[in-house]
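Below is one structure, written out as structure tokens; comments come after it.
We did not get these values from a lab; they are worked out from the coordinates using the rules stated. Since we're looking at a predicted model, the values are computed, not measured. Note: ideal-geometry Cβ built from the backbone for every residue, glycine included; neighbour counts use all protein chains shown.
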Amino acid sequence: MKRILVVLSLALLVAVFSFASQNTATQEIRIVVSPVALISVSKPVLEFDISQQNFLPGEAPKLANIDGGTIKYTSVTPDQMPRSITVSVAEQAVPTGFEVGVVVLPPDNAVGVLGASTGRVVLDSIPRTVISQIGTGWTGSDYEDGARVLYDLGILSHEALEIGSFEIEVLFTITED
């Protein structure tokens, strides 16, 4: 009788543990990817200093290859719809007699399709494309990462050279084509 009780007890324990180990639950994971367009500049303030060092005797001042820092951007596009980065000036115009040129070089250390430089453009109130054919990708977030920005400043008229300070707000915009 004891043997029967022991066998039945063992059978009952095996049955309980086997049913307990077969209990399951499921969880569904849904991944949702939304369009993303983010942009930032590494140098929010930049100063062009027109001083004696920019002049040579008998010549107009030359300011070229002025380091404007980098633009960092992230783009996730639906169906690889291309985007562009444009540049323009905000409310105030470039002072009369001056020409500000800008070139944005494509990023070196990047992941994805980050576009191509369109070359030098002249700043004005109309947005001009500086990087075109951007797909999905990102430039990186380290200090050295991003698309390099280079400015040049041309003086179109000697009459425009007034001693003082002029501020221009430059807008970089990532936009869908």
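Odds and ends about this structure:
- Neighbour cut-off at most 14 other Cβ (10 Å), DSSP loop, trypsin sites (Lys or Arg not before Pro), region 82-177: Arg120
- Between helix 2-20 and the chain there is an angle of about 20 degrees, using the helix long axis and the longest principal axis of the Cα atoms.
- Dipole of the chain, positive end: most advanced residue of Val111, Ala93, Ala64 [Cβ charges, Cα centre]: Val111
- Each residue, Ile4 and Thr175, gets one label point 7 Å from its Cα in the Cβ direction; the gap between the two is 9.1 nm.
- Debye intensity ratio I(q)/I(0), log10, the chain, q values 0.17, 0.18 Å⁻¹ (C-alpha model): -1.06, -1.13
- Charge sum, other residues only, whose C-beta stays under 15 Å from Thr136's C-beta, Lys/Arg counted +1 and Asp/Glu -1: -2
- Separation of alpha-carbon centers, region 105-174 and region 73-102, rounded to whole Å: 7 Å
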